[in-house]
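Engineer: Below is one structure. I have some questions about it.
The values are calculated or read from the model by the stated rules, or taken from the named source; none is laboratory data. Remember, predicted model here, so these are calculated numbers, not experimental data. Neighbour counts are summed over all protein chains in view; Cβ atoms, including those assigned to glycine, are modelled from backbone coordinates with ideal geometry. Accessible surface is based on the protein model in full, side chains and every heavy atom, while ligands, DNA and RNA are left aside. Shrake-Rupley method; radii C 1.70, N 1.55, O 1.52, S 1.80 Å.
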Amino acid sequence: MSTESDTSTTTSRRAGVLGSPVRHSLSPVLHNAAYAALGLTGWHYDTHEVDAETLPGFVRSLGDEWVGLSVTMPGKRAALAVADEVTPRATAVGAANTLTRLPSGGWRADCTDVDGVVGALRAAGGFRAGEGRTAVVLGAGGTASATVTALGELGLSDVHVVVRDPARAHATTEAARRAGLEVSVHRWADTDFGELATGAQALVSTVPPDAVAPHADALAAVPCVLDVIYHPWPTPLAEAVAARSGRVATGLDMLLHQAFGQVEQFTGRPAPREVMRDALREATGDILPLPLD
């Protein structure tokens with residue numbers, strides 16, 4: 001956690017997002033709006049083109065004015081490796097999207113992507129605990145690993161992971177097991193999506209919209225849906241959910257909810273959630289409501 005002096009309203013402090021490509025990241029919109037609302041006039045957050053190979057050197061080069069880093073693809077595993085301390089949930093996911101400066105000068109790794117999935121499913125997707133125990137996850141990339149960890153936090157017990165090649169699902173299945181979930185892996189070409197949707201409480205799609213389109217109507221039967229895509233919008237899955245008068249959470253909801261924890265870790269202050277939500281709405285042309293509860 002940042003020290004008390006780090007939260008001075010006038011002292012110069014820096015934070016930023018690392019990734020490649022990163023130029024179009026919306027994280028500066030969220031963080032700079034938060035810092036302004038908190039009266040942190042000396043704070044600034046920007047983007048840095050940094051890949052997994054160059055991340056360790058970049059982090060080591062930073063001066064004492066740096067309080068925190070958001071990390072997007074492809075550097076999340078590298079961020080975990082460079083940290084001096086690692087939170088239990090970052091260990092569970094096997095990756096980190098947040099590095100916060102420690103009083104000792106080192107870095108603590110966390111994964112607020114888990115907060116992003118939990119918050120999106122609850123606020124935008126209408127998730128209600130106790131209405132079922134099973135979830136479906138489409139894809140097995142980095143987002144899927146954070147997703148299965150979040151599903152464990154939400155109290156679900158079983159997850160079906162659907163992938164093109166089951167051999168590439170190892171990281172996600174291991175994350176699911178660390179989260180206490182029973183996990184089944186299904187080959188995409190052999191899957192009956194309608195059967196999987198029956199009885200599932202939540203669905204998270206981390207794959208391109210065109211891949212989901214042929215199965216969107218069947219998958220829309222799941223009562224709580226998160227499609228991590230938000231551009232272009234709406235996706236075929238979102239349209240199918242809307243046709244059933246259902247609710248769908250998106251990648252923008254995830255981005256918003258994961259940023260709350262980052263702001264709080266960097267500043268030591270409660271995140272100004274409504275201000276951040278409104279700034280993200282404005283920056284994206286008000287395409288989504290981005291509910292907070």
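Engineer: Roughly to the nearest percent, how much of the accessible area of segment 115-249 is carbon and sulfur, given a 1.4 Å probe?
Structural biologist: 46 percent
Engineer: Cα axis of helix 113-123 to longest principal axis of the chain: angle in degrees, 0 to 90, nearest 10?
Structural biologist: Computed tilt is about 60 degrees.
Engineer: Determine the per residue accessible area of segment 115-249 with all protein chains present and a 1.4 angstrom probe, expressed in square angstrom.
Structural biologist: On a per-residue basis, segment 115-249 sits at 43 Å².
Engineer: Any idea what diffusion coefficient segment 1-149 gets from Stokes-Einstein, in µm²/s, Kirkwood Rh on alpha carbon pairs, 4 °C, 1.567 mPa s?
Structural biologist: Working: Rh = 16.4 Å.
Value of D from the Cα-based Kirkwood radius: 79 µm²/s.
Engineer: Based on the Cα coordinates of segment 115-249, what is the per residue volume of their convex hull in Å³?
Structural biologist: It is 91 Å³ per residue.
Engineer: Also, quick follow-up: Roughly what angle does helix 142-153 make with the longest principal axis of the chain, taking Cα atoms, 0 to 90 degrees, to the nearest 10?
Structural biologist: 80 degrees
Engineer: Tell me the mean residue ellipticity at 222 nm calculated for the chain from its helices only (DSSP H runs of n ≥ 4, each -39500 (n - 2.57), averaged over every residue, nearest 500). Provide the component values of the computation, followed by the final result.
Structural biologist: Working: 13 runs with 111 residues, N = 293.
Helix contribution divided over all residues of the chain: -10500 deg cm²/dmol.
Engineer: Could I ask something else about it? Counting other Cβ atoms within 10 Å, which GluC sites (Glu not before Pro) in segment 16-83 have at most 16 and lie in a DSSP loop?
Structural biologist: Here the sparse-neighbourhood loop sites are Glu53, Glu65.
Engineer: How high is the relative contact order of the chain, in percent, counting Cα pairs under 8 Å that sit 6 or more residues apart?
Structural biologist: Answer for the chain is 19 percent.
Engineer: Can you give the accessible area of Arg244, probe radius 1.4 Å, in Å² rounded to 10?
Structural biologist: Its accessible surface works out to 140 Å², give or take rounding.
Engineer: Another question about this same structure. Which trypsin sites (Lys or Arg not before Pro) in segment 85-155 pass both tests, a DSSP loop state and at most 14 other beta-carbon atoms within 10 Å?
Structural biologist: Hits after loop and neighbour filter: Arg128.
Engineer: A further question follows. Given axes a ≥ b ≥ c from the Cα gyration tensor, I'd like to know whether the chain is rounded (a/c under 1.5), prolate (a/b larger than b/c) or oblate.
Structural biologist: Prolate is the answer for the chain, as a/c is 1.5 or above and a/b outweighs b/c.
Engineer: Let me ask something else about it. Quick check: with the 1.4 Å probe, what order do Thr41, Thr112 take by accessible area, largest first?
Structural biologist: Thr41, Thr112
Engineer: Please work out the ratio of the alpha-carbon Rg of segment 86-171 to 2.2 N^0.38 Å and round it to two decimals.
Structural biologist: Scaled against compact globular proteins, the figure is 1.20.
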